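Step one of this worksheet: look at the structure below.
The values are calculated or read from the model by the stated rules, or taken from the named source; none is laboratory data. This structure is a prediction, so every number in the text was calculated from the model and none was measured. Cβ coordinates were reconstructed from backbone atoms using ideal geometry, including for glycine residues, and neighbour counts include every protein chain displayed. All accessible areas refer to the heavy atoms of the entire protein, side chains included, with ligands and DNA or RNA removed. Shrake-Rupley method; radii C 1.70, N 1.55, O 1.52, S 1.80 Å.
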Amino acid sequence: MFRHAAAPLLATALLAAPGLARGDEPAAAAPDRPRIGVVLSGGGARGAAHVGVLKVLEEMRVPVDVVTGTSMGSIVGGLYAAGLTPAEMIETLTSLDWNDALTDRSQRDLLDYRRKQLDELYALRARVGLQGTKIKLPLGIIQGQKLEQVLRALTLQVADVEEFDELVVPYRAIATDLATTEAVVLERGDLVRAMRASMSVPIVFAPVEIDGRLLVDGGIAINLPVQVARELGAEVIIAVDISANLAPVAALGSAYAVNDQMLTGLMRRQTNADLASLGPDDVAIVPDLHEFTAASFTSAAAIIPRGEAAARAEAVRARLARYALSEEEWARYRTARRIPDRSLPVVREIRVRQDSALDESFLRSLLDTEAGKPLDLGLLRTDLQRLYGLDLWERVGYRLLERDARGAVLEIDARRRSWGPDYVRLGITLQDDVEGSTAFNFRFRLNKFEITRSGGEWVTELQLGENQLARTELYQPVGGRRRFFAAARLEARRDPALFLAGSESAIDTRQSAYGGALDFGSALGAWGEIRLGLRYEEGRYDLRAGGDGLRDLDYVASGPALRLGWDTLDNASFPRRGGGGSISYLHNLEALGADENLGRAELRFLHAFPTRRGSLLAGLSTGAFTEDDTAFAQPFTLGGFLSLSGLGSERLAGRFYGLGRVLYLHRLLELDLGAIKSPIYLGGSLEYGGAWLTSDAIDTASAQLHGSLFVGIDSPLGPVYLGYGAGDGGTSAAYLFIGRAF
């Protein structure tokens, strides 16, 4: 388990380490010593202490003949049974980017451009599934997509071991059958899925289906599986209990705390009974972890030494010393405990298992991994994230099967969302300048997948609030890897709008419009796309204030549209690196029914440069009409948060505009939400620009300089900003802004 960028490298290093050939029998206890079983309890992040105990056991030369575990104990026990050393596990646990591992989202740079743009206005991360007309919710907040891949890479050397007795150390994982709440002892099958099932804390992690049973965290049934180890033949038990104790009444100040207390009490009762079953030859180790919780994953470096300290305690060490081997006996034990071959095999065949209506050939076209070449874990990881980024799957995994001297079969396993495949996304945007100008919008989007076997989608959006919208689009990729596409769109909208009548100043109106477009385009890898199409729109400007004599101005806009867009930002809300932007050109043609021949061009660009504690962002936006004196047109506007921040929203309007921005984001601190951290940023901006009615009026003298200071939080509900802006002429405005700001 490793930092985001270092994951493939560490996994490759572990798997490429020299080892002995696979196929050797697990080491058996010598006839003159007892068979020793290590039992590791559940307890969430506190389970990092198990690694510290295993480290001391190896230092003392105490052999381990069987290992059983529940929840986090099953993870540590499973990795140990697969042949990882305590040192490797310490490196893994302390270097993992837990914020990334405990989410399911693919890296943003691996999502295709279309997916990035669809998500731009839907910062709320939750998705609601739809099966026909039935609304369904996921069975857990975290599906475990990334965590499962971390475990898969670390145990690749035993990927085709079906019987857990054939691992380096015989192993059992404990899970709970959700239908009966009975304990399930997992003794064969897919090691990674067994570990995942054992740690599937209800609500937090989705259950895992194995052999037709829906399995959740084993701690509900057996948190300290002593008896399971005895049934494996263990004559001496070394039991490590890292489970939490009951909280005092004073700490039960919320419904969450009360629920947690109830679950802790149930597990504590069973754990105490298992501890009481230990005999005089057994050893109980209980690390002092009172200040750590089950969610303290980022504290692994501090938790591991607590396990070491508990195992080194004088009384415990004296009991363990009875089972220590001599150096010669330890050498024989280590030799017999053969480590599987960790070299990466050649991929001799790729199989795809999936349960969607999509063509297998379409999915294969998205893979860069090839048969006939050595397995590249980094490349495979990218492939899996690309597939998962289609937003269709509950999980996308892999296994190595039928490994022999010729290589191995790589099986890609993609499972549809159990609460889908279609889903609903929700989003909100709010801009309030604290002076009475407020714009609030609620957005709803329905994605329907598998419209065609080659990946066609149907997206419908509805927005209510200051800006009203109804839009539906059919999107059909063409060719391998979705390189080309066709898209047909219909929409109706109603917005507040500024209106230019000839050379007059802007008039405050309400615009209503309906129309459609037909586009053809090409995806430019994952970073962008280019579209060329035809659009048609009919609309009306309804007078709200000013513009004497102007009423109900109808218009028709029709003609070709060209757009090039790109997005390589690593985070849409608070980017550290990458860039994004677009170049667009619309042209109304009288020959196609438009009221006048008129072109409208716009460039928008932003790039982020990382700094030690944040990022520096530079941006440029500019736009122009091809005519200075059009009959009427909706102008470009400036004003609002990060768009001449000292002005209220859309206070400047013109047929020509330019805006340059420089922003700095400083990562101030993190809001601790348990395993997930929400960073808080302190930011500032300088903005320079203006808007002009005619090209002759463009000059630097009329441009304005503004700046802002703000605080932003990248919350699970989306980005939230609170800021203050000031500019030329003494103008100023304060802002509450919810939604994407860049």
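Per-structure values
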read-out	value
Length added when fully stretched, Arg612-Asp100, from 0.36 nm per residue minus Cα-Cα	182.4 nm
Two-decimal ratio, the stretch 552-652, of alpha-carbon radius of gyration to 2.2 N^0.38 Å	1.37
Debye, to nearest 20: dipole size of the chain, +1 on Lys, Arg Cβ, -1 on Asp, Glu Cβ	920 debye
Protein-only accessible surface order, largest first, of Thr630, Thr335 at 1.4 Å	Thr335, Thr630
Interatomic Cα distance distribution for the stretch 83-127, bins of 10 angstrom, percent	20, 36, 22, 17, 5
Cα pair distances exceeding 14 angstrom across the stretch 364-405, given as percent	53 percent
Tilt relative to the chain, helix 86-95 - C-alpha long axis, 0 to 90 degrees, to 10	20 degrees
For the stretch 632-717, projected area of the alpha-carbon convex hull averaged over all directions, nm²	7.1 nm²
Kirkwood Rh in Å, taken over the stretch 602-649 so that all alpha-carbon pairs contribute	13.5 Å
Asn245-Ala371 pseudo-label distance in nm [points 7 Å out on the Cα-to-Cβ vector]	6.0 nm
Residues in the stretch 190-231 that a label on Ser277 would reach, taking backbone N under 18 Å of a point 7 Å out along Cα→Cβ	218-231
Listed residues Ala206, Leu642, Pro716: farthest to the positive end of the dipole of the chain (Cβ charges)	Ala206
With Cα atoms, 0 to 90° folded angle of helix 377-388 axis to the chain main axis	50 degrees
Signed unit charges on C-beta, dipole axis of the chain, positive-most listed residue Val459, Ile304, Phe292	Ile304
With DNA, RNA and ligands ignored, accessible area of Lys448 (1.4 Å probe; Å², nearest 10)	60 Å²
Ordering of 322-329, 344-351, 302-309, 63-70 by burial proxy (mean other Cβ atoms within 10 Å per residue, highest first)	63-70, 302-309, 344-351, 322-329
Computed lengthening from Val352 to Thr622, 0.36 nm per intervening residue step minus Cα-Cα distance	92.5 nm
Principal axis box of the stretch 563-614, alpha-carbon based, largest edge first, Å	55, 14, 11
Highest-first arrangement of 176-183, 164-171, 399-406, where packing means the average Cβ count within 10 Å	164-171, 176-183, 399-406
The chain: antiparallel DSSP beta bridges as a percent of all, rounded to 5	90 percent
The stretch 275-372: proportion of alpha-carbon pairs further apart than 24 angstrom, %	63 percent
Local net charge near Tyr681, Cβ-Cβ under 11 Å (Lys/Arg +1, Asp/Glu -1)	+1
Residue-averaged [θ]222 nm for the chain, counting only DSSP H segments that reach four residues, each worth -39500 (n - 2.57)	-6000 deg cm²/dmol
Å² per residue, accessible surface of the stretch 37-161 at 1.4 Å	26 Å²
Most to least packed among 689-695, 466-472 [average Cβ atoms within 10 Å]	689-695, 466-472
Surrounding net charge for Leu178, when Lys and Arg each add one and Asp and Glu each subtract one, Cβ distance under 12 Å	-3
Against the rule of thumb 2.2 N^0.38 Å, how large the Cα Rg of the chain comes out	1.13
Volume in Å³ per residue [convex hull over Cα atoms, computed for the stretch 598-742]	119 Å³
Residue pairs, from the table Lys116/Lys146; Lys116/Lys136; Lys116/Lys373, whose Cα atoms sit over 22 Å apart	Lys116/Lys136; Lys116/Lys373
Cα radius of gyration and Dmax for the stretch 359-515 (Å)	22.9, 80
Net charge of neighbours whose Cβ lies under 15 Å from the Cβ of Ala273, counting Lys and Arg as +1 and Asp and Glu as -1	0
Between the stretch 561-636 and the stretch 128-193, the Cα center-to-center distance that results, in Å	46 Å
Mean separation of Cα contacts under 8 Å, 6 or more apart, over the residue count of the stretch 348-481: relative contact order %	22 percent
